[in-house]
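These notes concern the structure reproduced below.
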Amino acid sequence: MGMTNFNTGDTPDAGCVGLCLDLNDAQIKALGLDQHLPADGAKVSIRAIATVKRAAEQDDAEGADDEQAEGAQADGDDEGEEGSGSTLELHITSMEVSQSGREPASVLYGAKRG
């Protein structure tokens, strides 16, 4: 399967609309991004391996709405996908982030000074 676009916002300033990852300082260091943190709005490539923590299919719409409301409260998210009866919770166990448009040498040795 190819890439799926989860960005449903009109602008990058629309906030996190779709699927978002929030990395802390330790995770940024573990990924090797602490020396050259990408700028806001920069595109990066992500490769990850995840374990399915929970997968559920709901046949009736009422049961799906109840399950979504419970999940939204647990996650602190007030909005749920209307009409969606399936949920999938993934635990990312391994991840690689690479910055597009950067020469490998500039990542390894820093920006060229001249």
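The values are calculated or read from the model by the stated rules, or taken from the named source; none is laboratory data. Just so it is clear, the structure is predicted and the values come from calculations on it, not from any experiment. Note that each Cβ is placed from the backbone with ideal geometry, even for glycine, and that neighbours are counted across all protein chains shown.
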- prompt: For the range 41-57, what are the residues that are within 13 Å of the chain's Cα centre (by Cα) and surrounded by 10 or more Cβ atoms within 10 Å (Cβ to Cβ)?
  reply: 44, 46, 48, 49, 50
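Taking residue 26 as the residue in question, decide whether it is modelled with pLDDT under 75 and small (Gly, Ala, Ser).
On the way: modelled with pLDDT under 75: no; small (Gly, Ala, Ser): yes.
In short, no.
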task: Only residues that are farther than 19 Å from residue 4 by Cα, of a type in the set (D, E, K, R) and modelled with pLDDT under 90: list them for the range 42-101, please.
output: 59, 60, 62, 65, 66, 67, 70, 75, 77, 78, 79, 82
